[in-house]
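Following: one structure in structure tokens, then a few remarks.
The values are calculated or read from the model by the stated rules, or taken from the named source; none is laboratory data. Please read these numbers as outputs of a predicted model, since none were measured by experiment. Cβ placement follows ideal geometry from the backbone for every residue including glycine, while neighbour counts extend to all protein chains displayed.
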Amino acid sequence: MARKLKLKCPICKKLVTSRDAEFPFCSDRCRLIDLGKWASGAYVISSPVQDTGDGVEDLSREPDEDF
């Protein structure tokens, strides 16, 4: 038996189908609200996690001088 997913608009939480013209939003209004959030900086993508494990050199240090 196939399962049916209940998809909701990320802005107003109304049910939507993947066949809707504005998918994944329920309307053009919700699509524009989401675009405005991206443009204003309300949504951010975090920077990648830096690997601090072995094998990574600290380039900010001065090289060791062995005289």
(request) Output the qualifying pairs, or none if there are none: Cβ atoms under 8 angstrom, residues six or more apart or on different chains, first residue in the range 40-55 and assigned to a loop (DSSP other than H, G, I, E, B), second residue modelled with pLDDT under 75. (result) none
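Taking the condition of being β-branched (Val, Ile, Thr), part of a loop (DSSP other than H, G, I, E, B) and within 22 Å of residue 37 (Cα to Cα), how many residues in the range 1-22 meet it? Please lay out each step first, then the result.
Our first condition is that a residue be β-branched (Val, Ile, Thr); within the range 1-22, this holds for 11, 16-17.
Narrowing further to those that are part of a loop (DSSP other than H, G, I, E, B): 11, 17.
Subsequent filtering for residues that are within 22 Å of residue 37 (Cα to Cα) retains 11.
Within the range 1-22, residues that are β-branched (Val, Ile, Thr), part of a loop (DSSP other than H, G, I, E, B) and within 22 Å of residue 37 (Cα to Cα) number 1.
Have a look at 37, 6, 14 and point out the one that is among the basic types (Lys, Arg) and at pLDDT below 90.
6
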